[in-house]
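*Asks:* Okay, handing you the structure first.
The values are calculated or read from the model by the stated rules, or taken from the named source; none is laboratory data. Predicted, not measured: the structure shown is a model, and the values here were computed from it. All Cβ positions, even for glycine, are placed from backbone atoms using ideal geometry, and neighbour counts span all protein chains on display. In case anyone asks, the SASA skips ligands and DNA or RNA and just uses the protein heavy atoms, side chains included. Shrake-Rupley method; radii C 1.70, N 1.55, O 1.52, S 1.80 Å.
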Amino acid sequence: MKLLIDDANIVKVKETWEYYPCDGVTTNPSILAASERQPYEVLREIREFIGPERELHVQVISKKAKDMEKEAGVIRERLGANTYVKIPMTPEGLKAIKSLSEAGVNVTATAIYTPMQAFLAAKAGAKYTAPYVNRINNMGYNGIQIAMDIHDIFRKNGLSAEVLAASFKNSQQVLELAKYGIGASTVATDVIEGFIKNAAITSAIQAFVDDFEGLVGNGRTMADC
Ligand code: E4P
């Protein structure tokens, strides 16, 4: 399972990238708004930081297929041709996904709440489909199960699309999908930090340090004992 950062705060992106093994960055219009910077200014900075080969996902705003396609062109022109264009999975979105995919554009179908949306987007050529796990849970359905069902639908129908699960609120949700082997998850930086924040880990490590310092002296390590 690939792990992507769902954030456009350049400081947080850099910090998370430095410590965690990440495969790319995803954004949406709300995430860009939260950065309080001009969209292309911050996106260009993210692109420069992660390099031209890594995955960067950027969403269109338009509601009509033709306008979505126009936006996709500008996004790729300004951020690199391999940038994944996120298209909301409406009927107009589906039309845009079809023609963009035929033209060789990497498309991520977004705002996925149902397996049928994902199935159609994949048939239309989307590379990824992004089910919103926690938002689905908040509606009283099982977001993890829906993401797994989408993964199974792709495999059983010979579709090459992958699930890019999104909208996580805790480690357990991400872990369930890693166990299932879905294609990718995109996760906010604070949730990523929570992956290995655990009092048991901290106390086990501190006990090792205390024992060692008891033997050779405070502040000593294997480099100077
Ligand atoms: C991904 O495509 C979505 O834009 C995003 O992950 C939604 O996350 P949220 O539900 O935490 O806003």
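*Asks:* Pick out the one residue from Ile61, Ile97, Ile112, Ile87 that is more than 15 Å from Leu4 (Cα to Cα), open to solvent by 70 Å² or more (accessible area, probe 1.4 Å) and among the hydrophobic types (A, V, I, L, M, F, W, C). Break it down stepwise before answering.
*Replies:* Working: Ile97 fails: open to solvent by 70 Å² or more (accessible area, probe 1.4 Å); Ile112 fails: open to solvent by 70 Å² or more (accessible area, probe 1.4 Å); Ile87 fails: open to solvent by 70 Å² or more (accessible area, probe 1.4 Å).
None of the other options fit; the residue is Ile61.
*Asks:* If you go through segment 11-57, how many residues are within 16 Å of the ligand (Cβ to nearest atom) and either at pLDDT below 95 or open to solvent by less than 90 Å² (accessible area, probe 1.4 Å) (or both)?
*Replies:* 23
*Asks:* Among the residues of segment 132-177, which ones are within 15 Å of the ligand (Cβ to nearest atom) and assigned to a loop (DSSP other than H, G, I, E, B)?
*Replies:* Just the residues of segment 132-177 that are within 15 Å of the ligand (Cβ to nearest atom), to begin with: 132-139, 141, 143-144, 146-147, 150, 161-171, 173-174, 177.
Residues satisfying the conditions are Met139, Tyr141, Ala161, Ser167, Phe168, Lys169, Asn170.
*Asks:* Among the residues of segment 187-225, write down those that are under 30 Å from Asp6 (Cα atoms) and outside any helix (DSSP H, G or I).
*Replies:* Listed by number, the residues that qualify are Val187, Ala188, Lys197, Asn198.
*Asks:* Among the helices (runs of 4 or more DSSP H) contained in segment 50-131, which hold 3 or more residues that are touching a Gly at 6+ places or on another chain (Cβ under 8 Å) and not polar (S, T, N, Q)?
*Replies:* Working: elements: 65-79, 91-102, 115-123.
Fully inside segment 50-131 and qualifying: 91-102.
*Asks:* Follow-up question, since we're still on this one. As an exercise: evaluate Ala8 against (1) of a type outside the set (Ser, Thr, Tyr); (2) open to solvent by 30 Å² or more (accessible area, probe 1.4 Å); (3) farther than 21 Å from Ala122 by Cα; (4) assigned to a loop (DSSP other than H, G, I, E, B) and give the number of the one condition it does not meet.
*Replies:* The single condition Ala8 does not satisfy is (2).
*Asks:* Still on this structure: Can you say whether Tyr128 is buried (at least 20 other Cβ atoms within 10 Å of the Cβ) and in contact with a Leu (Cβ under 6 Å, 6 or more places away or on another chain), as far as the supplied structure shows?
*Replies:* Working: buried (at least 20 other Cβ atoms within 10 Å of the Cβ): yes; in contact with a Leu (Cβ under 6 Å, 6 or more places away or on another chain): yes.
In short, yes.
*Asks:* If Thr189 passes every condition in (1) open to solvent by 10 Å² or more (accessible area, probe 1.4 Å); (2) in contact with a Ser or Thr (Cβ under 6 Å, 6 or more places away or on another chain) but one, which one does it miss?
*Replies:* Among (1) open to solvent by 10 Å² or more (accessible area, probe 1.4 Å); (2) in contact with a Ser or Thr (Cβ under 6 Å, 6 or more places away or on another chain), Thr189 violates only (1).
Quick grid of which residues meet (1) under 20 Å from Arg155 (Cα atoms); (2) acidic (Asp, Glu); (3) within 16 Å of the ligand (Cβ to nearest atom); (4) within 18 Å of the chain's Cα centre (by Cα):
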{"position": "Gly93", "(1), (2), (3), (4)": "no, no, yes, no"}
{"position": "Ser99", "(1), (2), (3), (4)": "no, no, no, no"}
{"position": "Ala103", "(1), (2), (3), (4)": "no, no, no, no"}
{"position": "Val107", "(1), (2), (3), (4)": "yes, no, yes, yes"}
{"position": "Ala111", "(1), (2), (3), (4)": "no, no, yes, yes"}
{"position": "Met116", "(1), (2), (3), (4)": "yes, no, no, no"}
{"position": "Ala121", "(1), (2), (3), (4)": "yes, no, yes, yes"}
{"position": "Ala130", "(1), (2), (3), (4)": "yes, no, yes, yes"}
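*Asks:* For the list (1) exposed (fewer than 14 other Cβ atoms within 10 Å of the Cβ); (2) more than 16 Å from the ligand (Cβ to nearest atom); (3) farther than 14 Å from Asn106 by Cβ, I need the number of the one condition that Ala81 fails.
*Replies:* The number of the failed condition is (3).
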